[in-house]
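Colleague: Dropping the structure in here first, questions after.
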Amino acid sequence: MAASLTPAEILNSSDERRVGATPLVTLTLRIRRFNPQVSEEPWWDEFTIQVDPYERLVEALHQVKWHHDGTLTFRRSCAHGICGSDAMVINGRNALACKILVKDVAPKVTIEPIRGLAVLKDLIVDMEPFFDGYRAVLPYLVNDEETERERVQTPQERERYDDTTKCILCAACTTSCPIFWSDETYIGPAAIVNAHRFIFDSRDRAPRERLGILSEKTGVFRCRTTFNCTDACPRGIEVTKAIQEVKRAVLFDRP
Amino acid sequence: MSTTAEARPEAPLPHGKPVGAGRGRPVGRFELWAWLFMRISGLVLLFLAVGHVLIMHVFEEGVDRVDFAFIQLRWASLFWKTWDWLMLVLALLHGVNGLRMILLDYVRPGGARRAINGFFVILGAALMALGTIIVVTFDPSKWPMS
């Protein structure tokens, strides 16, 4: 019988992937900076570093912050594509810095804060208008019916809103939307995705309240289906499709 | 304290109304109908406007045959009057609503947005009234040219 390999042995079985086995590459990071205590105007800084091509871009930003310029400011938490903290404009497109590999952007990468929200410092923006939209759609299960047991659901009923449960509220979709750039009162793709998650949940009892909120002037009918949101979503949610399903639910007055 | 469903007060939503309030009233309001109108009028206008261009500018001698006599002959039929009036109404509403959407995109909420919006609504209403009067009251015998 063949000896079973430990996970670490499997990971290190490929020469290319072995930590330290790949030669470092040179990466130039061109970063849009802003610090109201230093200057009223934003400016660009460039840092050239040596980094493992299989590292993620967020590690390159760490290297800059920890070894070159401690004033560089950006949000990150889990650094594994789940917390949704490090959405930024990378080479002109919204993405999570922790889901982009250095090898895919080397030798030079441009990094800017996400658009449409006020920049507080460097890559940190004021997320409050974004969360205002999220809070407006009642993003929680509403059901006050008495029950002796758990509220059961068929696999088909669960499947109906499966895609929109994946949202991590990183704001990559909402800040890629040209309607949101021009008018921050637009509720935005992320809020609609989170409304979709409950509107199409068979256990929920408030879909009409959400549909009413989303059919206001700031709601789904501002969407011009440019598909920027679908392209931007790091979780692969079909955002525009979800928005169109909500439009249809408003039109026919039922989920 | 009772735990039956009847005795339990209904938990209000953040806006203070109980769940399911306003049932029977349609969810979609003006923005839904404006959105739906743009799609339907767009499709109808595609047919009406392309037909209009072909009839007035392409078929036979094209635009060269269009004169007062031609219009008189055409508007003797209720069908063509209805066609032209429908095109007028749909194109104006479609255009004014399109401008409203562009304003929502480019002008910040406030007085300027309301003023520009109001201007287009009044202009649209005036043009629609003028066009409707002409289509409805058109009588070739009252025109000196005939």
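The values are calculated or read from the model by the stated rules, or taken from the named source; none is laboratory data. Being a predicted model, the structure only gives us computed values, none of them experimental. Because the Cβ atoms are built from the backbone with ideal geometry, glycine has one as well, and the counts that use them run over all protein chains shown.
Colleague: Identify, from the list B:Leu32, B:Leu54, the residue that is part of a helix (DSSP H, G or I), without any contact (Cβ under 8 Å) to a residue 40 or more places away in the chain and surrounded by fewer than 15 Cβ atoms within 10 Å (Cβ to Cβ).
Modeller: Sole residue among the options that is part of a helix (DSSP H, G or I), without any contact (Cβ under 8 Å) to a residue 40 or more places away in the chain and surrounded by fewer than 15 Cβ atoms within 10 Å (Cβ to Cβ): B:Leu54.
Colleague: Based on what the data block shows, is A:Asp231 outside any loop (DSSP other than H, G, I, E, B), more than 9 Å from every other protein chain (Cβ to nearest Cβ), charged (D, E, K, R) and surrounded by fewer than 24 Cβ atoms within 10 Å (Cβ to Cβ)?
Modeller: yes
Colleague: Among the numbered conditions (1) buried (at least 17 other Cβ atoms within 10 Å of the Cβ); (2) not in a loop (DSSP other than H, G, I, E, B), tell me where A:Arg158 comes up short.
Modeller: (1)
Colleague: Here's something else I'd like to know. Looking at region A:190-221, which of the residues that are of a type in the set (Lys, Arg) and more than 7 Å from chain B (Cβ to nearest Cβ) is nearest to A:Tyr161 (Cα to Cα)?
Modeller: Among those that are of a type in the set (Lys, Arg) and more than 7 Å from chain B (Cβ to nearest Cβ), it is A:Arg197.
Colleague: Any idea which residue in region A:195-221 is farthest from B:Phe30 (Cα to Cα), counting only those that are of a type in the set (A, V, I, L, M, F, W, C) and part of a loop (DSSP other than H, G, I, E, B)? Step through it out loud before you land on a result.
Modeller: Within region A:195-221, the subset of a type in the set (A, V, I, L, M, F, W, C) is A:195, A:198-200, A:206, A:211, A:213-214, A:220-221.
From what's left, part of a loop (DSSP other than H, G, I, E, B): A:200, A:206.
Working: A:Phe200: 23, A:Ala206: 21 Å.
Checked region A:195-221; the qualifying residue farthest from B:Phe30 (Cα to Cα) is A:Phe200.
Colleague: Against the condition modelled with pLDDT under 95 and acidic (Asp, Glu), how does A:Asp201 come out, does it pass? Spell out how you get there, then give the answer.
Modeller: On the way: modelled with pLDDT under 95: no; acidic (Asp, Glu): yes.
No, not satisfied.
Colleague: Among the residues of region B:5-16, is there at least one that is at pLDDT 85 or above and either touching a Ser or Thr at 6+ places or on another chain (Cβ under 9 Å) or under 23 Å from A:Arg254 (Cβ atoms) (or both)?
Modeller: No, that holds for no residue.
Colleague: Sticking with this structure for a sec: Which one of A:Ala60, A:Ala106, A:Ala118, A:Ala136 is over 14 Å from A:Ala172 (Cα atoms) and without any contact (Cβ under 8 Å) to a residue 40 or more places away in the chain?
Modeller: Working: A:Ala60 fails: without any contact (Cβ under 8 Å) to a residue 40 or more places away in the chain; A:Ala106 fails: without any contact (Cβ under 8 Å) to a residue 40 or more places away in the chain; A:Ala136 fails: without any contact (Cβ under 8 Å) to a residue 40 or more places away in the chain.
Every option except A:Ala118 fails the conditions.
Colleague: Just wondering, is there one or more residues in region A:237-254 that are more than 12 Å from chain B (Cβ to nearest Cβ) and assigned to a loop (DSSP other than H, G, I, E, B)?
Modeller: Yes, the conditions are met somewhere in region A:237-254.
Colleague: Could we say that A:Cys177 is touching a strand residue (DSSP E or B) at 6+ places or on another chain (Cβ under 9 Å) and touching a residue at least 12 places away in the same chain (Cβ under 8 Å) here?
Modeller: Criteria not met by A:Cys177.
Colleague: Would you check which residues across region B:72-88 are assigned to a helix (DSSP H, G or I) and loosely packed, with under 15 Cβ neighbours inside 10 Å and list them?
Modeller: Passing the criteria: B:Leu73, B:Leu78, B:Phe79, B:Thr82.
Colleague: Still on this model: Would you call B:Val136 exposed (fewer than 11 other Cβ atoms within 10 Å of the Cβ) and either among the polar types (S, T, N, Q) or in a helix (DSSP H, G or I) (or both)?
Modeller: Here the answer is yes, as B:Val136 does meet what is asked.
Each row is one residue, and each column tells you yes or no for (1) outside any loop (DSSP other than H, G, I, E, B); (2) away from chain B (no Cβ under 14 Å); (3) modelled with pLDDT of 95 or more; (4) within 12 Å of the chain's Cα centre (by Cα).
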{"position": "A:Leu72", "(1), (2), (3), (4)": "no, yes, yes, no"}
{"position": "A:Arg75", "(1), (2), (3), (4)": "no, yes, yes, no"}
{"position": "A:Ala79", "(1), (2), (3), (4)": "no, yes, no, no"}
{"position": "A:Val89", "(1), (2), (3), (4)": "yes, yes, yes, yes"}
{"position": "A:Arg115", "(1), (2), (3), (4)": "no, yes, yes, no"}
{"position": "A:Glu146", "(1), (2), (3), (4)": "no, no, no, no"}
{"position": "A:Arg149", "(1), (2), (3), (4)": "no, yes, no, no"}
{"position": "A:Leu169", "(1), (2), (3), (4)": "no, yes, yes, yes"}
{"position": "A:Thr175", "(1), (2), (3), (4)": "yes, yes, yes, yes"}
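Colleague: Does any residue in region B:61-82 that is without any contact (Cβ under 8 Å) to a residue 60 or more places away in the chain and on the phi < 0 side of the Ramachandran plot come within less than 9 Å, Cβ to Cβ, of a residue that is of a type in the set (Lys, Arg) and loosely packed, with under 14 Cβ neighbours inside 10 Å six or more places away or on a different chain, and which pairs are these?
Modeller: none
Colleague: Let me ask something else about it. When you go through A:Ala232, A:Ala249 one by one, which is the residue that is out of contact with any Ser or Thr (no Cβ under 9 Å at 6 or more places or on another chain) and among the small types (Gly, Ala, Ser)?
Modeller: A:Ala249
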